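A short write-up of the structure that comes next.
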Amino acid sequence: MLRLSRKADYALISLGYLAEREGRVSSAREIASACQIPAALLMNILKSLHQHGVLSSIRGASGGYRIGIDLHTISLLELCKMVEQVDLGASERLALHGPAQALQYRLSRFMREVSVADLVLPGRRIDVPLERVGVGQKKQAVQV
Amino acid sequence: MVNLTETAANEIKKIIQDQGLPADQTRLRVGVKGGGCSGFSYMLDLTEEPAGETDEQLESHGINILVDEKSARYLTGVEIDFKDEVMGRGFVFKNPNATSTCGCGSSFSA
């Protein structure tokens, strides 16, 4: 099954965490602990995001990261390139033929059209996709 | 307590019609369930079952809504909207109680 890389997933989770805190500074350790992400890997990811200007940093004992860019201006594809540090354009030119190449083009286009804000900002995300709406189930669906 | 936007209500009415459900007996059960990396996930379910003893009954833009007692504490003040965009089509919960959400957007903690 197609899925995002672990790095891209962790980058989105971290940005979601920071977006909820609206400008408050959070350390890598705080994010790692709250989101249950391996700290060492997260530090590398946050460093990449900082280098690309997605995060701004505050030094010092109470330092950390906060979002330094309007998340509407970055696409999912750009975010993946930042954290995976690969030239996805080059991977598109790899020896893919026929259906696989057509699929690759479509996926790239989709990832260019989805902004990071669509995925992480509260009120922008789709919480229950249309196909997940239960229809005509007799059993009580809600259990906490 | 739980409100639908007009767009969300119209989409629910459309699903009821498309699925051939009886409009006057169909209720929208809104709830949360445990799970997900951040705690809870939202659920929407169209049901012909009558309200249970512990269900709260509400109405928003002509849609009858059921919320069970346990879910109600997490859903106070929630507004449900509908979006149709490149990310897909679906319902968006605006929850003033959620203190954090996970990156995947499918769960929250309160």
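A few comments on the model shown:
- Average beta-carbon neighbours from other chains, 10 Å sphere, peptide B:62-75: 1
- Max mean-square fluctuation residue, GNM over chain A, Cα-Cα springs under 10 Å, options A:V133, A:V114, A:V25: A:V133
- From least to most packed, judged by other beta carbons within 10 angstrom and beginning with the fewest, B:L46, B:L28 follow the order B:L46, B:L28.
- Likely footprinting exposure, B:T47, A:T73, fewest C-beta neighbours within 10 Å first: A:T73, B:T47
- Within the listed set A:S62, A:S33, A:S108, the Gaussian network model of chain A (springs between alpha-carbon atoms below 10 Å) gives the highest mean-square fluctuation for A:S62.
- Shielding value for B:9-20 is 1, the average number of Cβ atoms from other chains within 10 Å of each residue's Cβ.
- GNM flexibility winner over chain A from A:R132, A:R109, A:R66 (Cα, springs under 10 Å): A:R132
None of the figures in this text is laboratory data; all of them are computed from the coordinates on show. Computed from a prediction, not measured in an experiment: that's the story for all the values here. Cβ coordinates were reconstructed from backbone atoms using ideal geometry, including for glycine residues, and neighbour counts include every protein chain displayed.
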